[in-house]
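Worksheet: the structure to be examined is printed underneath.
No value in this document is a laboratory result; all are computed from the given coordinates. All values derive from a computational prediction rather than experimental measurement. Glycine also receives a Cβ, built like all others from the backbone with ideal geometry; neighbour counts cover every protein chain displayed.
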Amino acid sequence: MRDAAHRLVEIGRRFDARGWVLGTSGNFSVVIGRDPFRMAITPSAAFKGDLTPAQILEIDADGAVLGNRSEKPSAEYLLHVQVADACNAGAVLHTHSVWGTVLSEVYTGDGGLAIEGYEMLKGLEGVHTHEHREWLPILENDQDMSRLARSVGARLRQHPDAHGFLLRRHGLYTWGQDLAHATRHVEILEFLLEAIGRSQSLARTTWR
């Protein structure tokens, strides 16, 4: 737990510096046990750039905080638990970048965003060519976390090869077998989202 807490704090500072978790947005988790299930997760309403290891919480699969703690875990803990289970993920990271938010609205009618032809795709686990076609499903956001978690689980079963998904007008979720892999996936996917968004903006400007 102690090592996971320190590493989540580092991720918070790193992502905050990139503008991916402004305000109190975003949430991060690391699976620290599966039998019984235990997860280290960021607390609700915390500035990710100012996190301390003492703020990181340990929860069970039902979101109950272990130890004598009064803080609450991220309101989206159910999504983290769902992804960890459905994808056998060791870490789940959620960002709120500008480009992820914008593109989740632009492509919501398509049900997802297809990304292909970019060299950076090879940074995703199991991808070995820029010709890979990555599909990022886009789900409608929902304040009912139990219902949203079920939707996430269903969509992940439909797209078992996906490395992430977008919530409409909300942001990116991605994961990995451990925190290092999940962090790499955030950086790769955020790069690709920004590249696509900027390319489309430049294309419209040039056309005019």
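Compute the Rg/Rh shape ratio of segment 61-112: radius of gyration over Kirkwood radius, all on alpha-carbon atoms.
Ratio of gyration radius to Kirkwood radius: 1.10.
For segment 36-75, what size does the Cα cloud have along each of its three principal axes, sorted from largest down, in whole Å?
30, 19, 15
Kindly state, to the nearest 0.05, the FRET efficiency for Ala203 paired with His128, given R0 = 30 Å and r defined as their beta-carbon distance.
Computed FRET efficiency for Ala203 and His128: 0.55.
For the chain, list the DSSP H helices whose alpha carbon atoms reach 30 Å or more along the long axis and whose average Kyte-Doolittle value is -1.0 or above?
Span-like helices, by this rule, are 179-207.
If you add up the charges near His132, with Lys and Arg at +1 and Asp and Glu at -1, over every other residue whose beta carbon is less than 9 angstrom from its beta carbon, what do you get?
Around His132, the charge tally is -1.
Under 5 Å between amide H atoms, partner at least 5 residues away or on a different chain: which partners does Ile138 have, H built in plane at 1.01 Å?
Distant-sequence amide H within range of Ile138: Gly112, Leu113, Leu166.
Quick check on the exposure proxy: order Val186, Val65, Val98 from fewest to most C-beta atoms within 10 angstrom.
Val98, Val65, Val186
Note down the net charge around Gly117, summing +1 for each Lys or Arg and -1 for each Asp or Glu among other residues with Cβ under 13 Å from its Cβ.
Overall, the nearby charge balance is -2.
Work through the residues other than Pro53 whose Cβ is under 11 Å from its Cβ and net out their charges, Lys, Arg +1 and Asp, Glu -1.
Value of the local net charge: 0.
So what is the calculated 222 nm ellipticity per residue for the chain, using -39500 (n - 2.57) for each DSSP H run with n of 4 or more, over all residues, to the nearest 500 deg cm²/dmol?
One gets -12500 deg cm²/dmol as the mean residue ellipticity at 222 nm.
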